[in-house]
Amino acid sequence: MKILLVGAGLSGAVIGRKLAEAGHECRIIDARDHIGGNCYTRRDPETDVMMHVYGPHIFHTDDEEVWTYVNGFTEFMPFQNRVKSTTQGAVYSLPVNLLTINQFFGKTMRPDEARDFIAEQADLTIEDPQNFEEQAMRFVGRDLYEAFFKGYTEKQWGCSPTALPASILKRLPVRFNYDDNYFFHRFQGMPKDGYTPMIQAILDHPGITVELNTTYSPDMAADVDHVFWSGPLDGYFGYELGRLGYRTLDFERFTHQGDYQGCAVMNYGDRDVPYTRITEHKHFSPWESHEGSVCYREYSRECGPDDIPYYPIRLVEEKALLEDYIAKAEATPGVTFVGRLGTYRYLDMDVTIREALDTADVFLSGVTSGTAIPAFVKSPR
């Protein structure tokens with residue numbers, strides 16, 4: 001069969017590879033001038049540092065099959081994300097852990113003492129948290145909330161934390177030990193040579209052709225048996241019902257001779273600091289040595305029509321519009337919506353790959369059985 005995949009990021013590459021290995025003819029197009037989507041990495045010409053051009057991407061997963069998959073296309077190096085936060089005139093360790101608590105409150109508590117202390121700080125009058133702020137206050141109390149969550153959240157989402165659902169904080173954001181590894185997952189690492197070579201290796205198959213600087217037009221679908229769309233869900237329909245809400249990011253790049261901040265990610269929790277964090281890219285490749293350094297100050301704002309969408313907002317208004325687009329998608333034969341933009345969900349890389357592999361399996365099974373291929377293998381709801 002002839003397959004058109006719109007987008008040369010992880011979703012398009014992984015689906016295309018599996019379908020090509022099954023004997024299908026896969027054409028992958030991308031409007032950008034490079035593969036990899038927002039995972040795109042390249043060497044900075046000034047410092048030779050490996051840059052995460054669209055912001056840092058750290059691979060972490062508990063899915064052993066996905067971990068084996070990516071390691072089949074590149075060499076991964078060990079990497080653990082250890083985030084710091086500058087707030088109220090001091091630097092602390094994140095996630096909030098025993099060191100953070102002791103330093104912030106000027107104490108030397110053991111785990112059991114800290115657990116009891118935080119329980120005393122928590123606002124237990126909030127029995128059923130209705131929003132992000134109430135959830136955080138119920139978990140950690142006002143002091144920690146205002147230092148580490150309130151200002152950062154206001155900058156990241158452009159609204160009061162009282163307007164955000166409590167579900168954003170799904171679990172207690174505190175550790176009562178000195179573990180400052182940001183992620184819990186078994187497998188964590190970075191591709192030694194960046195993500196671009198990994199994705200290039202996935203795309204390296206005689207059944208795959210890649211065309212960059214190529215924008216999708218509806219007439220392309222007439223020449224193929226099926227389309228996989230990893231662009232914005234509303235974009236496929238020309239935004240005819242309105243635009244789904246996203247936050248976008250602006251990066252202010254600057255260089256430094258030496259080590260600028262001593263860590264890969266430094267959050268800024270104070271509301272009066274306009275950026276949410278500074279990332280120093282050479283620390284994402286600690287096996288390399290560079291005299292120079294390249295950093296990004298990261299600013300979050302509302303996404304406009306010409307901006308790159310990063311974070312789906314998914315509040316009440318967006319969810320209502322999303323339902324309308326889901327109905328249109330499910331009534332449109334011959335196209336399957338995939339990935340972060342196609343399903344209007346924030347996805348980590350490992351989940352993106354898992355869903356791409358599963359989507360390819362559903363497609364191949366449908367071809368064999370003669371059943372219709374669904375618009376969504378993973379529901380956006």
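Which of the residues belonging to segment 17-67 are of a type in the set (Ser, Thr, Tyr) and surrounded by fewer than 20 Cβ atoms within 10 Å (Cβ to Cβ)?
Scanning segment 17-67 gives Thr47, Tyr54.
Which residues, counting only those in segment 190-232, are assigned to a loop (DSSP other than H, G, I, E, B) and among the acidic types (Asp, Glu)?
Within segment 190-232, Asp193, Asp204, Asp225 meet the criteria.
Can Gly72 be described as on the phi > 0 side of the Ramachandran plot and of a type outside the set (Val, Ile, Thr)?
No: the conditions fail for Gly72.
Contact list please: Cβ distance under 7 Å, first residue in segment 348-362 and closer than 18 Å to Val335 by Cβ, second residue among the polar types (S, T, N, Q) and in a helix (DSSP H, G or I), pairs at least six apart or on different chains.
Ala356/Ser11
Can you report the number of residues in segment 177-189 which are surrounded by fewer than 15 Cβ atoms within 10 Å (Cβ to Cβ) and at pLDDT below 95?
1
Considering only segment 22-81, state which residues are more than 18 Å from Tyr310 (Cβ to Cβ), out of contact with any helix residue (DSSP H, G or I) (no Cβ under 8 Å at 6 or more places or on another chain) and of a type in the set (Gly, Ala, Ser).
Within segment 22-81, Gly23, Gly72 qualify.
Looking at (1) in contact (Cβ under 8 Å) with a residue 60 or more places away in the chain; (2) more than 21 Å from Thr41 (Cβ to Cβ); (3) not aromatic (Phe, Trp, Tyr), can you tell me which one Met266 breaks?
(2)
Would you check if Tyr182 is over 27 Å from Pro274 (Cβ atoms) and touching a residue at least 24 places away in the same chain (Cβ under 8 Å)?
Taking the combined requirement at face value, the residue does not satisfy it.
Name the residues in segment 92-141 that are modelled with pLDDT under 95 and basic (Lys, Arg), would you?
Correct list: Arg138 only.
Does Thr255 meet the test of being of a type in the set (S, T, N, Q), out of contact with any Lys or Arg (no Cβ under 9 Å at 6 or more places or on another chain), modelled with pLDDT of 95 or more and surrounded by 13 or more Cβ atoms within 10 Å (Cβ to Cβ)?
yes
Of the numbered conditions (1) in a helix (DSSP H, G or I); (2) touching a Cys at 6+ places or on another chain (Cβ under 9 Å); (3) within 16 Å of Gly231 (Cα to Cα); (4) hydrophobic (A, V, I, L, M, F, W, C), Leu5 satisfies every one except a single condition; which is it?
Status for Leu5: all satisfied but (1).
Examine segment 42-63 for a residue that is among the basic types (Lys, Arg), out of contact with any Leu (no Cβ under 7 Å at 6 or more places or on another chain) and not in a loop (DSSP other than H, G, I, E, B), and state whether such a residue exists.
yes
Any chance segment 155-176 includes a residue that's surrounded by fewer than 20 Cβ atoms within 10 Å (Cβ to Cβ), basic (Lys, Arg) and out of contact with any strand residue (DSSP E or B) (no Cβ under 8 Å at 6 or more places or on another chain)?
Within segment 155-176 (the criterion being surrounded by fewer than 20 Cβ atoms within 10 Å (Cβ to Cβ), basic (Lys, Arg) and out of contact with any strand residue (DSSP E or B) (no Cβ under 8 Å at 6 or more places or on another chain)), the answer is yes, since at least one residue qualifies.
Is one or more of the residues making up segment 268-276 in contact with a Ser or Thr (Cβ under 8 Å, 6 or more places away or on another chain), in a strand (DSSP E or B), modelled with pLDDT of 95 or more and more than 24 Å from His57 (Cβ to Cβ)?
Checked segment 268-276: no residue is in contact with a Ser or Thr (Cβ under 8 Å, 6 or more places away or on another chain), in a strand (DSSP E or B), modelled with pLDDT of 95 or more and more than 24 Å from His57 (Cβ to Cβ).
Please go through segment 233-263 and give me each residue that is closer than 29 Å to Thr100 by Cβ and either assigned to a loop (DSSP other than H, G, I, E, B) or free of Cβ contacts under 8 Å to residues at least 60 places away in the same chain (or both), ordered by number.
Passing the criteria: Asp250, Glu252, Phe254, His256, Gly258, Asp259, Tyr260, Gln261, Gly262, Cys263.
The values are calculated or read from the model by the stated rules, or taken from the named source; none is laboratory data. Every value quoted in this text rests on a predicted model; they were computed, and no experiment measured them. Positions of Cβ are generated from backbone atoms using ideal geometry, with glycine treated the same way; all protein chains shown enter the neighbour counts.
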